[in-house]
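The values are calculated or read from the model by the stated rules, or taken from the named source; none is laboratory data. Predicted model, so just to flag it, every value in this text is computed and none were measured. As a convention, Cβ positions derive from the backbone with ideal geometry for all residues, glycine included, and neighbour counts pool all protein chains shown. These accessible areas exclude ligands, DNA and RNA; they are computed on the full protein's heavy atoms, side chains included. Shrake-Rupley method; radii C 1.70, N 1.55, O 1.52, S 1.80 Å.
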Amino acid sequence: MTREHWGSRLGFILAAAGSAVGLGNVWKFPYLVGQNGGAAFVVTYLVLVLTIGATGMLAEMAIGRAAQRNPVGAFAALKGGFWPVTGYLGVICGFLILGFYSVIGGWTIAYTVKMLDGTLTAPGLDFAGIFSGFVADPLEPLLYHAVFMALTIGVVLKGVAAGIERWNKILMPSLLVLLVVLILRAVTLDGAMAGVEFYLRPDFSKINADVVLAALSQAFFSLSIGMGAMITYGSYLTRDQNLPRSTVMVVGLDTGVAILAGLIVMPAVFAFGVAPGAGPGLTFITLPGVFQQMPGGMLFGAAFFLLLLFAALTSSVSLLEVPVAYLIDELKVSRRTAVLVLGGIAFLIGIPSSLSLGIWAEFKLFGLPFLDLLDFITSKLIMPVGGLLMCLFAGWVVWPVMRREATNDGTARFLLLPVWNWLLKVVAPAAIAWILIQGLIG
């Protein structure tokens, strides 16, 4: 079976950036900024994502391209022994995340529709009540979950170049256009400059261990390190790609989307006197109230949730592609069969995830509702452990292979090679271990 490859360098950059850009950039990053000191958090995040985050991403791309295999096959091909366990962690992690990520992706479709049909624009609405009622409904969220999963399956079914690359070439530019339009609207609101100042003028006295940990965790999870996505996408690369340069571009796009999303949310919430640290409810509860008060709010609100949908879809595609690549490479299953079977199972996992927010809320495993349990297992356990093992593997076990990949067999200069080596061997493992420990005791 001939291995698929990206059709162009731009296609890979947009697809890899699309994998990294997700709900965390548009939903989570702005409220973390609000909770952790505004611009001080932004600066801390930038430093960490451009060092530790980029370190992990480059390593995953290098592992994937060197082996030309899925995460399990890559670790087996490069070393074998215990190390394929790291690949299995990535495959399992992405698949479990997809099971509940698609449910939340469905919310973005629902809220786009609700913005356009007037459900969220009438005066005097209780937005917290609307959201609670929606997610607790046993049927409506599942219908949108099905639509979102169908979109994901449709893209991955077409393959690497004709599906993933082609659609990212459409979705990523569309996402950036929506970002710019919404920023122009947000920063021209009366009172918006207070939000811009909070967001862009740092008060470094607000930086403490909690802020650093929050920024580090967001940098790690935003780039999807530890779940095999970049290993899988890297495996479709040809030998002529410059990996360090590609890493910088992907990290830059991912970080840029997060920064631009903050320039939508912070000016808007300050303009209407809303607390910037409203937490996860900022997107689905607070912002609809902001759009309701905004001239043209129905259209701008719909555009915002469409933006959120595009971000979610580009990530869900990579979440499905990781286990699909495993079945294709290791079990010689056809792409069509792999996509339909895995997509169907992921949809089924999403059913208890959705119902755990409503009629199954009282049924808990290990003291957690089903969706929260999946989130804990993936974000607190599998991703940090997988990311830690991946960095140790790249820095200590197969470093000659990493050096060869980063320099294109010695034909390309990589001036930061010694720094990358040090970060891989010492700094990144220590940082990820901190995330793991704090996640377990927090």
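Have a look at Leu415, Leu313, Leu171 and tell me which one the Gaussian network model of the chain (Cα, springs below 10 Å) gives the largest fluctuation.
Looking only at Leu415, Leu313, Leu171, the largest GNM fluctuation is found for Leu415.
Just Lys425, Lys332, Lys380 to compare: in a GNM of the chain, with alpha carbon springs under 10 Å, which one fluctuates most?
Most flexible of the set in this elastic network: Lys332.
Hey, can you rank 360-367, 400-407 by average C-beta count inside 10 Å, highest first?
Peptide ranking by packing, descending: 400-407, 360-367.
Using alpha-carbon positions, what is the distance between the centroids of the range 295-309 and the range 185-219, in Å?
First find each Cα centre; the distance between them is then 23 Å.
³J(HN,Hα) across the range 399-416 via Karplus (A = 6.51, B = -1.76, C = 1.60, θ = phi - 60°), whole Hz, x for Gly/Pro?
4, x, 5, 4, 4, 5, 5, 5, 10, 6, 6, x, 8, 10, 7, 9, 5, 8
Highest GNM mean-square fluctuation, the chain, Cα pairs closer than 10 Å: which of Gly87, Gly18, Gly256?
Gly256
So which lysines pass the test for Lys425, namely a Cα distance under 20 Å, with those fewer than 8 places away in the same chain ruled out?
Candidates past the 8-residue exclusion: Lys79.
Using the basic label-point model (7 angstrom from Cα toward the beta carbon), what is the Thr119 to Ala275 distance in nanometres?
Label at Thr119, label at Ala275, 2.7 nm between them.
Considering the Cα trace of the range 325-442, what is its radius of gyration and what is Dmax, both in angstroms?
Spelled out, the Cα radius of gyration and Dmax of the range 325-442 are 20.0, 60 Å.
Order these peptides, 224-232, 128-136, by their mean beta-carbon neighbour count within 10 angstrom, highest first.
So the peptides 224-232, 128-136, ranked by packing, come out 224-232, 128-136.
So what is the relative contact order of the range 131-259, in percent, for Cα pairs below 8 Å that sit 6 or more residues apart?
Computed value for the range 131-259: 14 percent relative contact order.
Given a Förster radius of 30 Å and the C-beta distance between Arg245 and Arg201 as r, what FRET efficiency does 1/(1 + (r/R0)^6) yield to the nearest 0.05?
0.40
At a Cα cut-off below 30 Å, give the lysines reachable from Lys158, other chains included and same-chain residues fewer than 8 away excluded.
Cross-link targets: Lys169, Lys332.
Could you work out what % of the accessible surface of the chain is carbon and sulfur, using a 1.4 angstrom probe and leaving DNA, RNA and ligands out of the count?
69
Can you order the peptides 55-61, 372-378, 73-79 by their average number of other Cβ atoms within 10 Å per residue, highest first?
55-61, 73-79, 372-378
Measuring with a 1.4 Å probe in the full set of protein chains, what accessible area per residue, in whole Å², belongs to the chain?
37
Normalised by the residues of the chain, what does the relative contact order come to in percent, with Cα pairs under 8 Å and at least six apart?
34
When only C-alpha pairs under 8 Å and at least 6 residues apart count, what is the relative contact order of the range 384-426, in percent?
Relative contact order comes out at 43 percent.
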